[in-house]
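What follows draws every value from the coordinates through simple rules; no lab data is involved. Computed from a predicted structure; not experimentally measured. Note that we place each Cβ from the backbone using ideal geometry, even for glycine, and neighbour counts take in every protein chain shown.
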């Protein structure tokens, strides 16, 4: 009997250690970035980039508007550098915080530290993709006065974070070919958003093309290019800032 209990304990320990190792390997081998995303991490004539505990894209001129991007679950934050570089070229400072295990659920309040450290910036827009979008919506639910706008990319608020009565600009952008966060799942969440929120369905867009990290398991195939999807997202973000 004692031998059996010892074997059970040993097996349990082995399985526990294997689970921890497996999770750690998974967490530190995120999706992306693609080559194009890496290229967008280089300084240009109009944008300078700082990489540390967060990635910062500084425009060449002064700005009173800051943009914070929360990565999708298990996605390398550098995968959003193409979008970030384009936004900085348009004159806005962009911050991508680096989340523990590449999961925004572990650092939902990351944007608050960025806001506190940059008092010269008066207007803040929070963007989140997938799980990052859910956490961004949850933060706005908790701290609505800190944000001018919220952009959800293939994402929706948690059920207990009803934003429908909030006075904040919200835009939801989602793809018709997204099989990770399907159009029906996104549309079922619209009651949680302010009545005047913009809802943009990208025909032919999918889940992975909201970033530059390649294909994603379980996703649908896009019938438009990443550049086409990016252009729509960029236009809508610039629209909410104004």
**OP:** Just the ratio, please: alpha-carbon radius of gyration of region 63-105 over 2.2 N^0.38 Å, N its number of residues.
**Re:** 1.19
Subject >> Between 0 and 90°, nearest 10: helix 226-241 axis offset from the chain longest Cα axis >> reply: 60
Original post:
Which order do peptides 166-173, 36-43, 73-80 fall in by mean Cβ count within 10 Å, highest first?
Top reply: 73-80, 166-173, 36-43
**OP:** Work out, step by step, the length gained on full extension between residue 45 and residue 217: first 0.36 nm times the residue separation, then minus their alpha carbon distance; give nm to one decimal.
**Re:** 58.2 nm
Subject >> Rg/Rh ratio calculated on Cα atoms of the chain (Kirkwood radius) >> reply: 1.04
**OP:** Report the extension gain between residue 227 and residue 196 in nm, rounded to one decimal, defined as 0.36 nm multiplied by the number of residues separating them, less their alpha carbon distance.
**Re:** 8.4 nm
Original post:
To the nearest 0.05, what FRET efficiency results for residue 107 and residue 29 with a Förster distance of 25 Å applied to their C-beta separation?
Top reply: 0.85
Original post:
Out of 227, 45, 89, any idea which swings most in a Gaussian network model of the chain, alpha carbons joined below 10 Å?
Top reply: 45
Subject >> Additional length obtainable on full extension of the chain from residue 187 to residue 38, 0.36 nm per residue less Cα span >> reply: 50.3 nm
Original post:
If you find the alpha carbon centre of region 79-111 and of region 137-201, how far apart are they in angstrom?
Top reply: 18
Subject >> Among 176-183, 148-155, 58-65, the order from most to least packed when residues are scored by Cβ within 10 Å on average >> reply: 148-155, 176-183, 58-65
Original post:
How much mean residue ellipticity at 222 nm does the chain get from its helices, if each DSSP H run of length 4 or more adds -39500 (n - 2.57) and you divide by all residues, to the nearest 500 deg cm²/dmol?
Top reply: -10500 deg cm²/dmol
Original post:
Suppose R0 equals 25 Å; then what is the FRET efficiency for residue 118 and residue 235 from their Cβ-Cβ distance, rounded to the nearest 0.05?
Top reply: 0.50
